[in-house]
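Shown next, in structure tokens, is the structure this report addresses.
The values are calculated or read from the model by the stated rules, or taken from the named source; none is laboratory data. As the structure is a computational prediction, the values presented were derived from the model and not from experiment. Cβ coordinates were reconstructed from backbone atoms using ideal geometry, including for glycine residues, and neighbour counts include every protein chain displayed.
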There are 2 protein chains.
Amino acid sequence: MTTATQTLKDEEELGLVFSALGNPTRRSIVSRLSVGPATVSTLAKPFAMTLPAVSKHIALLEHAGLIHLEKRGRSRLCTLRAEAIIEAEAWLESCRVYWTDTLDSLAQHLEDPDDNPQEAGS
Amino acid sequence: MTTATQTLKDEEELGLVFSALGNPTRRSIVSRLSVGPATVSTLAKPFAMTLPAVSKHIALLEHAGLIHLEKRGRSRLCTLRAEAIIEAEAWLESCRVYWTDTLDSLAQHLEDPDDNPQEAGS
DNA sequence: GGTTAAGTTAACTAAATGGTTAACTGTCAT
DNA sequence: ATGACAGTTAACCATTTAGTTAACTTAACC
């Protein structure tokens, strides 16, 4: 029954995941990592910014749970964490569920007269 | 053949969509709208913040293409735009494609010796 | 032990975000 | 026409974000 706590934590992480993906540099890094693991400096190469900047992006991605960092000698190997992506997808999917039978559910969700688009329509 | 331009525009909108969903208030609004359309003030009710604050969140959601605003007398009806959500889902899905056959593709993507996690492993 | 390579941390800056209050624009009702 | 209702705009403020440069740690190399 740790579901409630778990849900709160997930909700918070979900925000971190979405914010992380809001940045083009980070999205690009995630795309790159979806092909396979890479080190920090390899990930940094394509970008016209300093290493500390990329390093911070990577730290943020890790904090969001989107990637995993593993020490490998003097370099760090970054790996994409499928779970985070799947969670984000699941949330988006949960928004889809409803509007598939929107025509039916609309009729049941008309508690608030202000929000009834059909009231003035028909 | 407007694909290239379209892709750039989509990439930009994708960032707006993900950033928008990074905020818990906005995520909550989107969740609510997935059940059915609602007016601005109805959407604002659950939140412990002023109307202008919610109004700005809604404007941002519209700018991101996540919702559509329709004037209805003196109120505005907000409707979720499926396309935006589907685009975001599609991007996440595109990250998944690769790691399903990661074991195979890894062997083919080992251009960079620094990034080869198996090199030191075996 | 000294140097180089990989990366992080610290201190700083400019711009964006998320909120506030106050004033404004329309629309509906009387 | 007046007034209340729905919502936006403007001006402001505190915090966060995304980047910089400079200094530091740690591991590899000779």
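Quick notes on this structure:
- Only one entry of B:His63, B:His68, B:His109 meets the criterion of being in contact with a helix residue (DSSP H, G or I) (Cβ under 9 Å, 6 or more places away or on another chain), under 24 Å from A:Leu21 (Cβ atoms) and modelled with pLDDT under 90, and that entry is B:His109.
- Selection within the stretch A:27-58 - at the interface with chain B (Cβ under 8 Å from one of its Cβ atoms), of a type in the set (Ser, Thr, Tyr) and farther than 14 Å from B:Ser94 by Cβ: A:Thr39, A:Ser41, A:Thr42
- The stretch B:59-101, residues that are within 13 Å of chain A (Cβ to nearest Cβ), among the charged types (D, E, K, R) and within 16 Å of DNA strand C (Cβ to nearest atom): B:Glu70, B:Lys71, B:Arg72, B:Arg74, B:Arg76
- Residue check, A:Val17 at pLDDT 95 or above, within 16 Å of DNA strand D (Cβ to nearest atom) and closer than 17 Å to B:Leu21 by Cβ: yes
- Filter result (without any contact (Cβ under 8 Å) to a residue 24 or more places away in the chain and within 11 Å of DNA strand D (Cβ to nearest atom)) within the stretch A:54-78: A:Ser55, A:Lys56, A:Ala59, A:Lys71, A:Gly73, A:Arg74
- Every residue from the stretch A:45-90 that is at positive phi and surrounded by 13 or more Cβ atoms within 10 Å (Cβ to Cβ): A:Gly65
- Boolean, B:Arg96 is at pLDDT below 95, surrounded by fewer than 20 Cβ atoms within 10 Å (Cβ to Cβ) and within 21 Å of A:Glu13 (Cβ to Cβ): yes
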